[in-house]
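First the structure, in the form of structure tokens, and then the observations on it.
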Amino acid sequence: MTIRTITVPVKDLEAATALYSALLGTDPYATSPYYVGFRPEGTPEIGLDPHGDVAAGPVAFHHVDDIEAAIAVLTGQGASVERSPHDVGGPLIATLRD
């Protein structure tokens, strides 16, 4: 499993976009009202989520070939499923908590 995306919940998407553009030294590759994505060279994708839980902090997304197998491994190590696999317009995602 590889961390390929880190999503940061934000309160003000426009302000956060400007801040992360300056911080990362690059413009976003994707901009929408529900997600702004950056792909800085040599790092995981950084996504800004205006609908995320700001109090919970950033979320790391691991890209896997078999989501059910990954869930089995992680729950076997003590993680709990917060949200079962669901389609987000392409890939399936699930949320687990350590």
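Things to note:
- The share of Cα pairs per 10 Å bin across the chain, counted from zero up to the longest distance, runs 15, 45, 30, 10, 0 percent.
- In this simple spin-label model, placing a label point 7 Å from the Cα along the Cα-to-Cβ direction at both THR2 and THR26 gives a separation of 1.4 nm.
- Normalising the average separation of contacting C-alpha pairs (under 8 angstrom, six or more residues apart) by the number of residues puts the relative contact order of the chain at 29 percent.
- Once backbone amide H atoms are built at 1.01 Å from N, GLU45 has THR5, ILE6 as its partners under 5 Å, excluding neighbours fewer than 5 places away on the same chain.
- Stokes-Einstein D in µm²/s, Kirkwood radius over Cα pairs - the range 12-52 at 20 °C with 1.002 mPa s viscosity: 212
- Cβ-Cβ FRET estimate between GLU41 and VAL88, R0 fixed at 35 Å, reported to 0.05: 0.90
- Computed with a 1.4 Å probe over protein heavy atoms only, the accessible surface of the chain comes to 68 Å² per residue.
The values are calculated or read from the model by the stated rules, or taken from the named source; none is laboratory data. Please read all numbers here as calculations on a predicted model, not as lab measurements. Cβ sites come from the backbone with ideal geometry, for glycine too, and all protein chains shown count toward neighbours. Note: accessible area is taken over every heavy atom of the protein model, side chains too, but ligands, DNA and RNA are not part of it. Shrake-Rupley method; radii C 1.70, N 1.55, O 1.52, S 1.80 Å.
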